[in-house]
Amino acid sequence: MTTPTALSIAQDLLRCPSVTPADAGALGVLETLLKDAGFTTHRVTFSEPGTADIDNLYARIGDAAPHLCFAGHTDVVPPGEASAWSHGAFAGDVAEGLLYGRGAVDMKGGIACAVAATLDYLAANGGRPKGSISFLITGDEEDVAVNGTVKLLQWAAERGETFDHCIVGEPSNVEAIGDTIKIGRRGSQSGVLIVDGQQGHVAYPHRASNPVPDIARLITALNDEPLDAGSAQFQPSNLEFTSVDVGNPATNVIPAQARAKFNIRFNDHHTQDSLKSLVEQRLAAACGNRIRARIEWLPSNADVFVTKPGAFTDVVSASIAEVTGRTPDLNTGGGTSDARFIAKYCPVVEFGLVGQTMHQIDERTPVSDLDQLTAIYRGVLERYFA
Ligand SMILES: [Zn+2]
């Protein structure tokens, strides 16, 4: 029996218009393939008041360690103006060696490669891995992401599932397959700096306390002192003020309060808690006894994480080098993905297709990239279970 190619699986997925929260049959494509290959599959639906119910898929084969998990999402962002596409956003067309469609690189193509590589690996190894392989696939990543990976990981943990390593097939590469593995992300924490003064007439400043020059001083103080000098895997953390608001329509009134919003991108020198206390200490020092200021911290689920280079990243790098001849950059830049949630359970890397056209009109991938990524995942499976 021949196993399906990554291209044919990707086309089947692209033809499902699974714009979040719609599934449109995408998970079913994967479930059928994995079930036929001997996986035990579960469809799990999560709900939350005010959001659409979302379907998710967990599939596993094998019951021994080590357990390698491929994670990803089958939902996609909207196609935008349909007439602007040179091939239908949900047609799965191939033209001049390029596969077009919404999700081609982010990330139905990547999932298709992982499934094709796994089916080929199983066919060559008597149908069973020497450990366990699983697929953790959500339909809720691109939008608010509340009924997806976070809940699916909790659900799996409650069933006693443990993962040793995970690969998220997000489009990690910048220019060419194999140039970049994402091994972590900085954390993100937002806050509002609030300075309380006393309202009054500008002609009688001694009866008022003006928060405007005070918030300027505090912004300068917090902005100027570096949070750290960077670490082995990360650039320095940075704190950026993004707005200053007084909300005062008058020119002859000293306002009662000034507010400034800021966001911090932080590296592995900090946790959310240690970072907050560091900033609050600096604020207190800058305020002295005179200025009355405080920070309102906004909720954040974006903690810093890093998978330190080692045996697991070596397995992925060696497979990349074998197929492409490239030595990947182990990178911690860029925006967030579901990897930040998975990192709480096991070491995780992101490695998939080339991200150049993600979320754009005419999202597309060379078919040769699908072949290369499949070969790389195949090499990972070979080495991981060697
Ligand atoms: Zn994605």
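Ordering 319, 357, 202 by Cα displacement along the dipole of the chain toward the positive end leaves 202 in first place; charges were set at the Cβ atoms of Lys, Arg (+1) and Asp, Glu (-1). Mind running the shape call on the range 27-109? Use the C-alpha gyration tensor, a ≥ b ≥ c as the square roots of the eigenvalues: rounded below 1.5 for a/c, prolate if a/b tops b/c, oblate otherwise. Since a/c reaches 1.5 but b/c is at least a/b, the shape of the range 27-109 is classed as oblate. Since only 212, 381, 124 are under comparison, the one whose Cα sits farthest along the positive direction of the charge dipole of the chain, derived from C-beta charges on Lys, Arg, Asp and Glu, is 212. Within the chain, helices built from complete DSSP H runs that reach 15 Å or longer along their own axis (Cα positions) and carry a mean Kyte-Doolittle hydropathy of -0.5 or higher are 26-36, 108-124, 211-224, 272-287, 311-324, 367-384. Size descriptor for the range 88-205, Kirkwood hydrodynamic radius: 19.1 Å (Cα pairs only, one decimal).
Across the accessible surface of the chain, with the other protein chains kept in place and a 1.4 Å probe, carbon and sulfur atoms take up 50 percent. Structure remark: mean-square fluctuation, Gaussian network model of the chain, C-alpha springs under 10 Å; the largest value among 67, 201, 87 belongs to 201.
In plain terms, the C-alpha convex hull of the range 1-153 casts an average shadow of 9.5 nm² when viewed from every direction. In the chain, the calculated helix contribution to ellipticity at 222 nm averages -9000 deg cm²/dmol per residue, counting -39,500 (n - 2.57) for every DSSP H run with n ≥ 4. Cα centroid separation, the range 74-113 to the range 114-186: 21 Å.
Note down the magnitude of the dipole of the chain about its Cα centre, charges +1 on Lys and Arg C-beta and -1 on Asp and Glu C-beta and zero elsewhere, to the nearest 20 debye.
Details: 30 positive and 46 negative charges, 230 e Å.
That gives the chain a dipole magnitude of about 1100 debye.
Partnerless cysteines in the chain, where a partner means another cysteine C-beta under 4.7 angstrom, comprise 16, 113, 287, 346.
Taking label points 7 Å from Cα along the Cα-to-Cβ direction, residue 229 and residue 83 give a separation of 5.9 nm. Could you work out which residue, out of 374, 251, 138, moves most in a Gaussian network model of the chain, that is, has the largest mean-square fluctuation with Cα springs under 10 Å? The residue with the greatest mean-square fluctuation here is 251.
Taking 21 Å as the straight-line reach from the Cα of residue 261, the lysines in range (excluding those fewer than 8 positions away in the same chain) are 276.
What Kirkwood hydrodynamic radius do you get for the chain when you take the inverse of the mean 1/r over all pairs of distinct Cα atoms, in Å?
Working: mean 1/r = 0.0436 Å⁻¹.
Mean inverse Cα-Cα distance, inverted, gives 22.9 Å.
Shape verdict for the range 1-45, please, from the Cα gyration tensor: rounded (a/c under 1.5), prolate (a/b greater than b/c) or oblate. Provide the component values of the computation, followed by the final result.
Details: a/c = 3.92, a/b = 1.23, b/c = 3.19.
Here the range 1-45 falls in the oblate category.
Of 205, 49, 79, the residue with the greatest mean-square motion in the GNM of the chain, using alpha carbon springs below 10 Å, is 49.
The values are calculated or read from the model by the stated rules, or taken from the named source; none is laboratory data. None of the values given here were measured: they were computed from a predicted structure. Methodologically, a virtual Cβ is constructed for each residue, glycine included, from the backbone with ideal geometry; neighbour enumeration extends over all protein chains shown. Areas reflect the complete protein model, heavy atoms only, side chains present, ligands, DNA and RNA absent. Shrake-Rupley method; radii C 1.70, N 1.55, O 1.52, S 1.80 Å.
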